[in-house]
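The values are calculated or read from the model by the stated rules, or taken from the named source; none is laboratory data. What you are looking at is a predicted structure, and each value in this text was computed from that prediction instead of being measured. So basically every Cβ, Gly included, is an ideal-geometry build from the backbone, and we count neighbours across all protein chains shown. For the accessible areas, the whole protein counts, side chains as well, though only heavy atoms, and no ligand, DNA or RNA atoms are used. Shrake-Rupley method; radii C 1.70, N 1.55, O 1.52, S 1.80 Å.
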Amino acid sequence: MDHSTSDKFSELHSKMGLRDILSVGSSGLRTRRVRAALSVIGITIGIAALVGILGLSQSGSADLLKDLDALGTNLLTVQAGDGFRSQQASLSSDATAMIDRIGPVYEVSATTKITGGVFLNDLIQDGRTKGITIVAADLNLLSAQRGSLKSGKFLDEMTSQFPFVVLGSVAAERLGIRNTSANQRIWLKGKWFIVIGIMEPLPLAADLDRSAIIGYPAAYKFLGFDEPPGVIYVRAYPEHIHDVRSVMPATVNPENPEEVQVGRASDVLEARIAASDTFLNLFVGLGAVALLVGTIGIANVMVIAVIERRNEIGLRRALGATKFHIASQFLTESLLLSILGGITGVVVGMLVTAIYAISQDWSIVIPVYVIAGGILCSILIGGIAGFYPAMRAANMSPTEALRTK
Amino acid sequence: MINLENRPSQFALELKEISKIYPGPPIVQALSEISMAVTHGELLGIIGSSGSGKTTLLHIMGTLSIPSSGSIFIDGRNVVGMSDKQLSGVRSQQIGFVFQEFFLLPGFSALENVANGLLYSGIPSDERKERSFEMLGRVGLGHRANHLPNELSGGEQQRVAVARALVHNPSFVLADEPTGNLDSENTASLMGLLTTLNEEGTTVILITHDLEVAESAQRKITLRDGRVDSDLSR
Ligand SMILES: Nc1ncnc2c1ncn2[C@@H]1O[C@H](COP(=O)(O)OP(=O)(O)OP(=O)(O)O)[C@@H](O)[C@H]1O
Ligand SMILES: [Mg+2]
C-alpha cells in the first residue's frame, strides 16, 4: 500500500464541533416542546423551593441577626421573682446601686410599674385602660435598650421633673398619637401629662412598647409614687456576661437570692432564629425531595426518548456518529432540560423571595451562592439523570437500532 | 465523473470469505464464505428471497456489523479489526446508506436532513448547507429545501434520503430495499434517479427482492441461504 493511501485513511475519523453537539442535543427538545416543559416541572419546583426558602430565611434571619447584632446579647433583665412569700415582690431600693458595683457592669437602668389608667382625655374614663402601663424609669432606659425615638425626645434631667411622658410605640398607636409636634396631653392616673417623645419598638423589652414612661421625680411629685424598682436592665461587658449573671441574685438580694429572676433579653430573639432554622431545615428537606422526584422524572423521559428514537440512533450511527457523539447528544439533551428547569426555578424562587420579603418589610437578601448553587445543582441533576440513558443509547448496536419491527 | 487514478484501489469494496453467524440460540449461519468485488462506478443488484441474508450482508458492507470471519476492503483498506470509532469514521466519509423506511428526522427540513449526511465529517456548517443544497438540486428537490418530511410525498422523502447518502461523496452507496415503501410510479422514478447518479459516477449497491427493480443493475448477485448463488453481468 503506498503512502498516500495510508494518509487518506488516517484522516478518516468522525468529527463534530461543540456547536453541532449543542444543536443536535437540543433538536430532541425543539420537536417535543410540551413534553420537555412537563418533564422539568419537578426540577423547577425543587430549585424554586430551595432558592425561595434559602432566600427567605436569609432575608428573615438577616433582619433578626441584624437586630441581634445591633441590640447586643449583653442585656440582662433583673426582677423580683415569686419567692416563698408569695406577695408582689419587688427589688430593694438600693438594688440599682448594688448592681452598679459589679465590675463588668457598665449601665444600669431601673423601671417601676405604676398602677393607673392612661387616657386620651379626662372625659372618657370608662374603665378601659387600653392596656397601657405607666412606668417610672431612669433616664438612661432608652440607651440601655439601644432604642430610638420615632418622634420627639426622651426624658432628661429637666423633663423628668415635670409632667412629661414618653410613649412606647404600641401605646402611641393605641392612643392615636402619631407625633409630638402638637404637644398632645394625655390623662395619666388622673393628671395631665404632655407627650414629648414616642419610641420605636424595643425588641429586647416588648412590654415597654405598651407603656407610658415618666421620670421618677415626676412620679413622686405628681403621682405621689415612691416604690423600689420592679425591673432593672443591666448592660455588662459581653465576655463577662455569664459571670455577671451568676453573681446577680446574691448581689441584689443576699438573704433570698432565689427570689431574684435574671434573664437575658436577647434569648427571645435567639429562640426566634432557632425556630426559623428548624423551618428552614424542614423546607430544604421538602425541596430536596422535589429535586429527587424531578431527577427521576428527567431520567424517565430520557429513557423513553432513547427507546422511541432507536431508529434515529441507528441512522446517526450509519451517518458516522461515534458512540461518544450519541452519548453526548442525549447527555446534552438531559442537561439542557435540567438547566432549563433550574433557571426557571431560580427565577421563580427569587420572585417568591422578593414578593414575600417586600410584604414582610424585610430587606431582600438572595445570596449569589444560592443562585449559583441552584444552577449548579440542576447541572448535576442533568448529568445524573442523563448518564444511564446516554450510555444505553451509545451502546445500542447499530443494526439493532435500525430494525423496524 | 469518477477518476480512477485518484482511487487507492481498483475496487470500491471487496469481500473475502465473509461469514456471519448469529450465536442465537438457535445458532443461525446468515452468511457463508461470501466473496465479491465491486468496481468503482458499478451498479450492483443483490437479490434473494426473504431470509437469504441480504440485510445482514448490507450491514457488514456498511461496517455497521462485524463479520464472524473474513475480510472487507473498502477502497483497498481492510476494515475488519478497526475500532468502533474508526469504523464510524469510515462510514462518515466513504459509505452512504439508503433505507427502506427513509429515516428522515421529523423536525428537520429537507435541507437539514441532507446536511445530516455531513454532520459527522468535520465540515463547517456553511459548507454543509451549500453542498446539501446542491445535492438536493441533483435529486430534483431544490425547490423543496425548506419543507419538513411530513410535507413531502414518499417518493420525495426517499429522494431526500438519497441526497443525504450522496452528499459526502462516498465510495459507494448501500440501498436496502429503497423502493420497498414506494408505489410503482415512485419506484420507477427513484430507479431512474439511482441509474442517473450511477451514470454520473456513483457506485451503487442495491439490495432488493423485487426482480423488476433489479433489472436496472448491470450486474446481479443472487443470494440463497447465505451463499452466492449466481453472479451475472449484462
Ligand atoms: N440479530 C439476529 N439474530 C439472529 N438471527 C438473525 C439476526 N438477524 C438476522 N437473522 C437471521 O439471519 C438470516 C438472514 O436475515 P436477513 O435479515 O439478512 O435476511 P434478508 O435477506 O434481509 O430478508 P428480507 O428480505 O426478509 O429482509 C435470517 O434467517 C434471519 O432470521
Ligand atoms: Mg432485509
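Helical runs (DSSP H, four residues minimum) scored at -39500 (n - 2.57) apiece and divided by the length of chain A put the mean residue ellipticity at 222 nm at -17500 deg cm²/dmol. Each Lys and Arg adds +1 at its Cβ and each Asp and Glu adds -1 at its Cβ; summed about the Cα centre, the protein assembly as shown shows a dipole of about 620 debye. One decimal place: the segment A:Ile358-A:Phe279 gains 26.5 nm when fully extended, by the rule 0.36 nm per residue minus the C-alpha distance. Taking the Cα centre of the stretch A:74-264 as origin and assigning +1 to Lys and Arg Cβ atoms and -1 to Asp and Glu Cβ atoms, the resulting dipole is close to 740 debye. Accessible surface ranking for B:Arg224, B:Arg219, 1.4 angstrom probe, highest first: B:Arg224, B:Arg219. Among all the lysines, which ones have a C-alpha under 18 Å from B:Lys85's C-alpha, if same-chain residues fewer than 8 places away are not counted? Cross-link targets: A:Lys8, A:Lys15, A:Lys323. Here the Karplus relation 6.51 cos²θ - 1.76 cosθ + 1.60, evaluated at θ = phi - 60°, turns the backbone of the stretch A:197-209 into coupling constants of x, 10, 8, 6, x, 10, x, 8, 8, 4, 5, 6, 5 Hz, with x for every Gly and Pro. Of the residues A:Arg146, B:Arg91, the one with the largest accessible area comes first in the ranking A:Arg146, B:Arg91, computed with a 1.4 Å probe on protein heavy atoms. Amide H contacts of B:Ile95: B:Ser171, each under 5 Å away and 5 or more positions distant or on a separate chain (H built 1.01 Å from N in the peptide plane; Pro and chain starts excluded). With R₀ set to 45 Å, the beta-carbon distance separating A:Ser90 from A:Ser26 gives a calculated FRET efficiency near 0.05.
Across peptide A:318-330, the average count of Cβ atoms from other chains found within 10 Å of a residue's Cβ is 6. Phi angles of the stretch A:180-189 translate, via the Karplus equation with coefficients 6.51, -1.76, 1.60 and θ = phi - 60°, into HN-Hα couplings of 9, 5, 8, 6, 4, 9, 10, 9, 10, 6 Hz per residue; Gly and Pro are given as x. Given a 1.4 Å probe and the protein chains as shown, A:Asp243 ends up with an accessible area of around 90 Å². Exposure check, 1.4 Å probe, all protein chains in place: B:His209 carries approximately 120 Å² of accessible surface.
Bridgeable lysines around B:Lys54 (alpha carbons under 19 Å apart, same-chain partners fewer than 8 residues away excluded): A:Lys405, B:Lys16, B:Lys20, B:Lys220. Indicate the gyration tensor shape class of the stretch B:169-211 (rounded, prolate or oblate), computed on the Cα atoms with a ≥ b ≥ c the square roots of the eigenvalues: a/c under 1.5 is rounded; otherwise a/b larger than b/c is prolate and the rest oblate. Oblate, since a/c reaches 1.5 and b/c is not below a/b. Note on A:Ser397 and B:His147: their simple-model spin labels are 3.8 nm apart, each label 7 Å out from Cα toward Cβ. Remark: the A:Tyr388-A:Leu123 segment gains 87.1 nm on full extension, using 0.36 nm per residue and subtracting the alpha carbon distance.
Between A:Leu149 and A:Tyr369, the C-beta separation translates, for a Förster distance of 41 Å, into a calculated FRET efficiency of about 0.60. In the assembled protein chains, A:Leu337 presents an accessible area of approximately 0 Å² (probe radius 1.4 Å). Here's the picture: a label point sits 7 Å out from the Cα of B:Arg224 along the beta-carbon direction, and within the stretch B:25-58 the residues with their amide nitrogen under 19 Å of it are B:29-36, B:45-55, B:57.
Shielding of peptide B:80-89 by partners, expressed as the average count of other chain Cβ atoms within 10 Å per residue Cβ, is 5. Within chain A, the selection of entire DSSP H helices by a Cα span of 30 Å or greater along the long axis and an average Kyte-Doolittle value of at least -1.0 returns A:41-71, A:267-308, A:323-359, A:368-394. Electrostatic bookkeeping for A:Met248 treats Lys and Arg as +1 and Asp and Glu as -1; over the other residues with beta carbon under 14 Å from its beta carbon, the sum is 0.
Maximal additional length on extending the A:Val34-A:Leu380 stretch stands at 122.2 nm, based on 0.36 nm per residue less the C-alpha distance.
Taking θ as phi - 60° and the Karplus parameters 6.51, -1.76 and 1.60, the scalar couplings of the stretch A:148-160 work out to 9, 9, 7, 7, x, 10, 8, 5, 10, 3, 7, 5, 6 Hz in sequence order, x denoting glycine and proline.
Accessible surface ranking for A:Asp138, A:Asp69, 1.4 angstrom probe, highest first: A:Asp69, A:Asp138. Cross-link partners for B:Lys129 among the aspartates and glutamates, with Cα-Cα distance under 17 Å and sequence neighbours closer than 8 places in the same chain left out: A:Asp20, B:Glu112. Can you find, among A:Val346, B:Thr208, B:Leu166, the residue sitting farthest towards the positive end of the charge dipole of the protein assembly as shown, where Lys and Arg contribute +1 and Asp and Glu -1 at Cβ? Farthest along the dipole direction, towards plus: B:Thr208.
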